[in-house]
1. Tell me the label-point distance for the pair residue 91, residue 116, using the 7 Å Cα-to-Cβ offset, in nm and rounded to one decimal.
2. To the nearest 0.05, what FRET efficiency results for residue 192 and residue 285 with a Förster distance of 41 Å applied to their C-beta separation?
3. I'd like the FRET efficiency for residue 230 and residue 375, computed as 1/(1 + (r/R0)^6) with the beta carbon distance as r and R0 of 51 Å, rounded to 0.05.
4. Which FRET efficiency value, to the nearest 0.05, is calculated for residue 346 and residue 469 with the Förster distance at 35 angstrom and r the Cβ-Cβ distance?
5. Can you check what the net charge comes to around residue 394, using other residues whose Cβ is under 10 Å from the Cβ of residue 394 (Lys, Arg +1; Asp, Glu -1)?
6. Using only Cα atoms, find the angle between the long axis of helix 213-230 and the longest principal axis of the chain, and express it within 0 to 90 degrees, rounded to the nearest 10.
7. Using label points projected 7 Å from each Cα along Cα→Cβ, tell me how many nm separate residue 394 and residue 141, to one decimal.
8. Give the separation of the Cα centroids, the range 41-57 to the range 140-212, in Å.
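The values are calculated or read from the model by the stated rules, or taken from the named source; none is laboratory data. Being a predicted model, the structure only gives us computed values, none of them experimental. Cβ sites come from the backbone with ideal geometry, for glycine too, and all protein chains shown count toward neighbours. Side chains are part of the model used for accessible areas, which takes the heavy atoms of the whole protein and leaves out ligands, DNA and RNA. Shrake-Rupley method; radii C 1.70, N 1.55, O 1.52, S 1.80 Å.
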Amino acid sequence: MKKITYILLLCVISFSCTSEVDDDVTGANSATGDGWFTGLDLPFADKTGYPYKSDKMTTATLSINTSSKFTANNLLLGANFGGFSSNEEKEIIRFLKPVTVHFPNGVWANWYNWEKDISEYDATDSYDIGDFHRGVMDDWAANNTTTGFPGMKTLHDELAFNTLFTYNVNYDSPAKSLERLKDREAKGFDVQYVELGNEQYFEDQRAGRTSSTIFFGRFASQIATALKNEKPNLKIAVPYGWRDNEDAAYNLQVGFFGKSFYDAISLHRNIEVENTTEDVVKSPDAYKTILNSRLTLKESSDFALSFLGEDQKPIWLSEWGVSCGLNAASFLGQADVYMYLFENQDLYERAEWNGLLDENPMYTFEGDKSLANMKKTGYGAVYEITRDVFENSEVYESTISTRILDTDVNAVEAKAVTKNGETIVYAVNKTVRSVPFRVKVDGVVSDASKKHEALSFDSLQDNKLLNMDESPLTLINEGTEIIVLPPLSVNKISF
């Protein structure tokens, strides 16, 4: 038998107070009836707040078809962050080696003056953007606070990361936007992705000339035409909203000037529920939402796409996050969504986690902002494992047989990839029980020796803070024993 390495099972084994579904194993080729998991020691995790029953056995079987695979899209592993100027900031970015940089990201892109490298509003514009936005930009101007393009260029020259640029539709003319494109290309960027505006469905992110959606669409189409005349293969996205009643009119009107001038829609979806402090025990409903974040993302994506009609386009998930605080539920929800993105990468063309160092932080600092004081959160631990598995890999077609937690949500989610001549499995187990797990390769259960490591959590409230050089994985066992996914855990299993 050829050597197979199954790396990464993401397991969440959780206990429950309430449930709408039975706990039985379901699905084709389900792992029941042959007693393969009898006699195992199957410890539980803390049940507090868990939204599903846990009184019955849960098992999982991943069936891999090695004759069918597709190339993983590395651009789904991006993250939003800022700070490119100081030596400390550059040292951090060199260490992290980002897949993508979104520049500038966030609300400030709507007023970014690329010639000055600063966000500023036009004092002659009577449009009300609110005291907060105006106050921040006034403070930046008073302190000569720049966005950091020169430092970003230096790092790009070294690291060659992919770049998503957000253009200022509020103020920049088509001619000025074209000059920006030419300037960036002259500075070594092969500009491939441009986002026209940031969250223009919010009125406080507009200006006088984009005060209505129709006005925004007109100027966006003019800028897009100028850019594509210069570089026809440039990909352009416009923001679409996901909030049902609030964004419906905007989504309808943004395509008033036609849908052919943009190639994708940019979607910002931060799934946040009871996102207070990490030591507050969340309600079962909050945990249910976070553990089922893939459903929320699908619903939001479907809503935005419904306004395209027959002109369907890919999504740039240029801001996304999953959080009910810094806890295991959030980290496992994050991991499950990553898998959902790779399962649907024909729809999601790129994705940037929000954010690397601030909101939903993958990394934090104990002291000054420097690499020496940097720590890895649970988000960062999950990301490290996810990137290790999927980056530069090929994803096998596969199916999972396990308990159904909720509509279209399995207790264990799993995918398999091949990388550097080995096969790697990534799985998410979302029950608080230990889960016996097995892998079928082209219909045959693998009995090969394996190394099983896991990132595990004691409860849905559990948090992790790791040193930067500390592996997020702990050795579970090595050998030919049956694989048992620990409660609330992210697993890496190498055969």
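1. Here the modelled spin labels are 3.2 nm apart.
2. On the way: r = 41 Å, r/R0 = 1.01.
Calculated transfer efficiency: 0.50.
3. Working: r = 44 Å, r/R0 = 0.87.
That pair, residue 230 with residue 375, gives E of 0.70.
4. Numbers: r = 37 Å, r/R0 = 1.06.
The pair residue 346/residue 469 has a calculated efficiency of 0.40.
5. Details: positive: 69, 419; negative: none.
Summing Lys/Arg as +1 and Asp/Glu as -1 gives +2.
6. So the helix axis and the longest Cα principal axis differ by about 90 degrees.
7. 5.6 nm
8. 48 Å
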